[in-house]
Amino acid sequence: MGTTKSSSNSTSKSDNNNNNNVNGDKDKNNNTRVVLNVYDLTPLNNYLYWFGFGIFHSGIEVHGKEYGFGAHDFPASGVFEVEPKKCPGFIYRCSVTLGHVNMHPSEFRTFIETIANEYHGDTYHLISKNCNHFTDDMSHRLNGKRIPGWVNRLARLGSLCSCLLPDCVEVTTVKQLPEYHSEDEIAESLSSASPCGSQATSGMDDDQEKHLLSPFASKTDNVSFVKEAPLK
């Protein structure tokens, strides 16, 4: 009797260990680094960087893909994905590990598509809602950490004194029509755009608009926009 009981206990412990190993493997597969990839927009950064300044673009890398935020003319997702450290039009500078997150790739996909609802291409603004604001928000939501202050310092200073921003500074964007929208969908989306968004666009002359759109990326670049999650 004692032998049978001991064997039963051993089997139970073995099953528990196997279950723990399986759960541990799942957790290990879901656990991924959150990395900030920083790019230079101008060679001047080689000098400005040492003084804590610079004009930077940034993307956030999770599960082997890098996500950024760029401008286009439509009230649709401005969140795009590229291969890590290869965002077209920008010069890769460095990477900063922001921590880890335990999230299944499919769960993360739902997460990024939900965020895409909040970051439309026509809402991009150099001072108040740029690519670095996006990566800072992403990092904070994923693991509660903020990106380093120097990455977006110029925008913060610009919000206090716009004269600090030189006229030659262009917004760090990737201009590309979201490929998942047809022309009819774009037209419908524009017609239902909020009055605030329409006023912001209509109140801008051609020269100003050119400053809001980067010419760097073309349709041949390996850039794809993240489709927005359906609104409930």
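Check off (1) open to solvent by 30 Å² or more (accessible area, probe 1.4 Å); (2) in a helix (DSSP H, G or I) for Ser139 and give me the number that stays unchecked.
Answer for Ser139: the failing condition is (1).
Got a sec? Which strands (runs of 3 or more DSSP E) wholly within segment 53-130 have at least 2 residues that are crowded, with 21+ Cβ neighbours inside 10 Å?
56-62, 65-69, 79-82
On the given criteria, is Val34 touching a His at 6+ places or on another chain (Cβ under 8 Å) and buried (at least 23 other Cβ atoms within 10 Å of the Cβ)?
Against the criterion (touching a His at 6+ places or on another chain (Cβ under 8 Å) and buried (at least 23 other Cβ atoms within 10 Å of the Cβ)), Val34 does not qualify.
Exactly one of these conditions fails for Asn46: (1) over 13 Å from Glu83 (Cα atoms); (2) within 19 Å of the chain's Cα centre (by Cα). Give me its number.
(2)
The values are calculated or read from the model by the stated rules, or taken from the named source; none is laboratory data. From a predicted model like this one, the values you see are computed outputs, not experimental measurements. Note that each Cβ is placed from the backbone with ideal geometry, even for glycine, and that neighbours are counted across all protein chains shown. SASA here: full protein model, heavy atoms, side chains in, ligands and nucleic acids out. Shrake-Rupley method; radii C 1.70, N 1.55, O 1.52, S 1.80 Å.
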